[in-house]
Amino acid sequence: MITKSKTQLKQGMLENVMRQFNHAADIIGLNSNIRKILSITNNELLIHFPVKMDNGDVEVFTGYRVQHNNALGPYKGGLRYHPTVDIDAAKALAMWMTWKTSLAGLPYGGAKGGIQIDPSKYSNAELERITRRFTYALGDNIGPEHDIPAPDVNTNSQTMAWIVDTYMSTKSPAERSKNQHVVTGKPLGSGGSEGRDRATGYGVFLNIKLWAEKKKVNLKSKRFIVQGFGNVGYWTAYFLENEGAKLVGVQDAYGTIANSDGIEVSKLYQYMQGNKGSIVGYALAQVVDKDSFFELDCDICIPAALGNQITADNAAKIKAFLIAEGANGPTDVEGEEILLKNGVGIIPDILCNSGGVIGSYFEWLQNRNGELWQLEEVMAKLEKKMKEVFEKVYETAENRDGDMRTAAYIIAIERIEKAYVQRGIFP
Ligand code: NAD
């Protein structure tokens, strides 16, 4: 078997988002000038920066921030710390953010970035210095009304706390407190919002629930598998289990496990906490070959890790009747064609995982307005918004007799097109 190289995988993600975009743009006959603008990114920043390691040596890191489009508002999107982060990956992920924020009806554009790094190789103190130095190097390329990062793979609320502290420290004392909303996904107590931690997973769960209601499927006892047991994977599994569904397979960066009798979400989570964030060695499940993960017998499959995981290589072997895309870009175009031909439902990433950016928007609003909302209030607002967006996408797909991804893209692109048509192009 010819295995894809790292470079090929990354190129695939950008190619993938472009093919998805062009497909929807063709269907709606998108204005050709607007197509030109949206096919390319506004700004691409590549930064090399030195950091002192614990042993006194200096290492030079490479960081990225790509700002795809801001027609609808400030750039918004996460920061990823992973060896696969490069300019093409950041471009693809930034584009997905533009479609996602537009689809959700938020006053944001799309951006993404990160550092090409394997964070497991660095101490906490080193990661803090790397993050702070990267923030300093980004300077005013980010900002609370300009470009607002958030957590993504291998970054979390602690990372955001270091960023906000560093960013605010570079401002004059009188300006500092006006800059708290430079990032979202902060810890509670440092400007974070109740519910932001679970917002993405809750949104994934809600989308599954709403889809199941439409299809008259009862989620009780339905078996699901999750790829990635981090923020998105864990919280999705938590809410699905609460609904009576059964987790039967998990894959993370270190291993793959399965148990047809069920894996208790809280037990696995607890185990992981004491096992350096890895599921490997969990005694109440069997070890499974990593390449057979997507073939596991189940009803619902939730990719919640990296891009390009479901492809022509494995799509035909998938037994689930529904794919709920917690990750960004987990299914490539060829993989999707096979799934659709086999009658598998797909809730597309820009809809399915949009609870995260909606939760981020709520945090940003609270910071801007000096408000603190209760958890119930945040979750109720999130649920209302997610239901509205789901209904819009589902209805558009039904009316077109087409798939949900194309429907989601159509709604997202048309909103941006309208803004350009109304405003025209300067000068
Ligand atoms: P995370 O760092 O919290 O967790 C990532 C998980 O994926 C970990 O369990 C890790 O071990 C696993 N993983 C990494 N590489 C893997 C591989 N090759 N195979 C299998 N598993 C692997 O990250 P997260 O925030 O949960 O993000 C997961 C996905 O969800 C990403 O695609 C991200 O862009 C997307 N997403 C995240 C948010 C958010 O709010 N955090 C919002 C929208 C979308």
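Suppose the chain between His48 and Gln286 were pulled fully straight at 0.36 nm per residue; how much longer would it get relative to their current alpha carbon spacing? Working shown, then result.
Working: separation 238, 0.36 × 238 = 85.68 nm, distance 4.30 nm.
Net length gain for the segment: 81.4 nm.
Starting from the amide H of Gly77, placed 1.01 Å from N in the peptide plane, find each other amide H under 5 Å away whose residue is 5 or more places distant or on another chain.
Answer set, sorted by chain and number: Ala111, Ile148, Ala150.
Per DSSP H run of n ≥ 4, the term is -39500 (n - 2.57); total these for the chain, divide by its residue number, and report the mean residue ellipticity at 222 nm rounded to 500 deg cm²/dmol.
-14500 deg cm²/dmol
Averaging over all projection directions, find the projected area of the Cα convex hull of segment 12-74 and quote it in nm² with one decimal place.
Details: hull surface 25.8 nm².
For segment 12-74, averaging the hull's shadow over all directions gives 6.5 nm².
Using the Cα centre of segment 41-178 as the reference point, and only Cβ charges (+1 on K/R, -1 on D/E), how large is the resulting charge dipole? Debye, rounded to the nearest 20. If you can, show how the numbers build up before the last one.
Values: 14 positive and 15 negative charges, 63 e Å.
Computed charge dipole of segment 41-178: roughly 300 debye.
Taking H as built 1.01 Å from N, whose amide H comes closer than 5 Å to the amide H of Leu247, not counting residues under 5 places away?
Close amide H contacts, sequence-distant or interchain: Phe224, Ile263.
State the volume of the convex hull built on the alpha-carbon positions of segment 41-178, expressed per residue in Å³ and rounded to an integer. Spell out each step's value before the answer.
Numbers: hull volume 14.3 nm³, N = 138.
Expressed per residue, the convex hull around the Cα atoms of segment 41-178 is 103 Å³.
Averaging the inverse of every distinct alpha carbon separation and then flipping it gives the Kirkwood radius. What is it for segment 312-405, in angstrom units?
Taking the inverse mean of 1/r over all distinct Cα pairs, segment 312-405 comes out at 15.1 Å.
Provide the descending list of Cα extents for segment 233-300 along its principal axes, expressed in whole angstroms.
Between the extreme Cα coordinates on each principal axis of segment 233-300 lie 28, 26, 18 Å.
Using only alpha carbon positions, build the gyration tensor of the chain, then give the equivalent ellipsoid semi-axes as the square roots of 5 times its eigenvalues, largest first, whole angstrom.
In descending order the semi-axes read 30, 27, 22 Å.
Tally the DSSP beta bridges in the chain and give the antiparallel ones as a percent, rounded to 5.
Close to 50 percent.
In Å, the Kirkwood hydrodynamic radius of segment 174-236 over pairs of distinct alpha carbons?
Answer for segment 174-236: a Kirkwood hydrodynamic radius of 14.2 Å.
With θ set to phi - 60° and the Karplus curve 6.51 cos²θ - 1.76 cosθ + 1.60, what are the ³J(HN,Hα) couplings of segment 117-126 in order, to the nearest whole Hz, using x for Gly and Pro?
7, 9, x, 5, 8, 10, 6, 4, 5, 5
With the Cα gyration tensor of segment 113-152 in hand, give its eigenvalues times 5 under a square root as the equivalent ellipsoid semi-axes, listed largest first in whole angstrom.
21, 11, 8
In whole Å, what are the Cα extents of segment 267-341 along the three principal axes, biggest one first?
Extents along the principal axes: 41, 23, 18 Å.
Could you name the lysines in cross-link range of Lys214, using Cα to Cα under 29 Å and dropping any fewer than eight places away on the same chain?
Reachable lysines: Lys100, Lys222, Lys246, Lys317, Lys319, Lys341, Lys381, Lys384, Lys385, Lys387, Lys392.
Take the Cα atoms of segment 197-352, find their three principal axes, and give me the spread along each one in whole Å, biggest first.
On the principal axes, segment 197-352 reaches 41, 31, 28 Å in Cα extent.
Just how large is the dipole of segment 200-275 about the Cα centre, in debye to the nearest 20, putting +1 at every Lys and Arg Cβ and -1 at every Asp and Glu Cβ?
400
Taking a cut-off of 20 Å, what percent of all Cα-Cα pairs in segment 125-254 are separated by more than that?
54
No value in this document is a laboratory result; all are computed from the given coordinates. Small disclaimer: the values here were computed from a predicted structure and weren't measured. When we count neighbours, we look across all protein chains shown, and the Cβ atoms used for this are built from the backbone with ideal geometry, even at glycine.
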